[in-house]
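Since every read-out is calculated from the coordinates, none of them should be taken as a lab result. Because the structure is predicted, anything quoted here is derived from the model rather than measured. Reconstructed Cβ throughout: ideal geometry from the backbone, glycine too, with neighbour counts over all protein chains shown.
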Ligand SMILES: [Mg+2]
């Protein structure tokens, strides 16, 4: 993948100047914040936060952070006034005015998730480097620090834990197995909810992401700006950036142009 920021800059400038209202959606880990050995160490870089705050302050600009993290965790890490948030891959959403929504069916899957987590409880002891993050509506089984041997066996263990629990499904992400409600609700559904709430069509919307789960948001933007960060996903995106350092630079530039 070759970064194409320079070729696309003029088209993006025109986009920023031609829509009275725009929505900018961003994933958090690996897009805004550099990936860390342990997910708990991830922080929003100061320059990125400042650029986001400048964008939020501009008339006609809404900024939404859509992440796999629990919404409370995400809010605390981003900590920007006036941002919109979606956590748990969009299952829980909060608009800038404080109104919140939980995806249909997500609450009902809680009991099944408790059951699966009970089955998985011995796993971190048996597989060093594996840790389980309980995010309320979903759970992440992390293996970035696990050995190749453990990694090879992990998928079967996770699938075994949800066996017979119809309310749940399992999905891969970067060094993570996600356990989540079986319904069709993802980052793209959340982005669409924000687009409707903010009142913008897809051609006035941008989304930046680095992982397979972000492709669901790209799906909603056939004529919007799809911005891919890093090399981990092989997909067509309108703009390609190298790493979260580029994201910071792009957001700063967008704020300057739109102002
Ligand atoms: Mg990410």
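What shape does segment 161-209 take by its C-alpha gyration tensor, where a ≥ b ≥ c are the square roots of the eigenvalues and a/c under 1.5 counts as rounded, a/b above b/c as prolate, and the rest as oblate? Oblate shape, in that a/c is at least 1.5 and b/c is the bigger or equal ratio.
The angle between the Cα long axis of helix 5-18 and the main principal axis of the chain comes to about 70°, on a 0 to 90 degree scale. Highest mean first, the peptides 44-50, 21-27 sorted by other C-beta atoms within 10 Å per residue fall in the order 21-27, 44-50. Output the antiparallel fraction of DSSP beta bridges having both residues in the chain, as a percent to the nearest 5. Within the chain, antiparallel bridges account for around 50 percent of the total. With distances taken between every two different alpha-carbon atoms, the chain has a Kirkwood hydrodynamic radius of 18.7 Å. Relative to the longest principal axis of the Cα atoms of the chain, the long axis of helix 46-57 lies at roughly 60 degrees.
So, R0 is 25 Å and r is the distance between the beta-carbons of residue 256 and residue 236; what FRET efficiency does that work out to, to 0.05? Please list the in-between numbers first.
On the way: r = 28 Å, r/R0 = 1.11.
Once rounded, the FRET efficiency stands at 0.35.
For segment 87-240, what does the alpha-carbon gyration tensor say about shape, rounded, prolate or oblate, given a ≥ b ≥ c as the root eigenvalues, a/c under 1.5 as rounded, and a/b over b/c as prolate? All intermediate terms of the calculation are to be shown ahead of the outcome.
Details: a/c = 2.65, a/b = 1.48, b/c = 1.79.
In terms of gyration-tensor shape, oblate.
In the chain, the calculated helix contribution to ellipticity at 222 nm averages -11000 deg cm²/dmol per residue, counting -39,500 (n - 2.57) for every DSSP H run with n ≥ 4. At a Förster distance of 41 Å, what's the computed FRET efficiency of residue 144 paired with residue 2, Cβ-Cβ distance as r, to 0.05? Rounded to the nearest 0.05, the efficiency is 0.95.
Give me Rg/Rg_expected for segment 42-109, where Rg uses Cα atoms only and Rg_expected = 2.2 N^0.38 Å with N residues.
On the way: Rg = 12.6 Å, N = 68, 2.2 N^0.38 = 10.9 Å.
Against the compact-globule rule of thumb, the ratio is 1.15.
Once you order the gyration tensor axes a ≥ b ≥ c over the Cα atoms, which shape class does segment 186-259 get: rounded for a/c under 1.5, otherwise prolate or oblate by comparing a/b with b/c?
On the way: a/c = 2.02, a/b = 1.11, b/c = 1.82.
Note, shape of segment 186-259 comes out oblate.
Computed across segment 107-181, the Kirkwood hydrodynamic radius from all distinct Cα-Cα pairs reaches 12.1 Å. Compared with the dominant Cα axis of the chain, that is its longest principal axis, helix 148-161 is turned about 80°.
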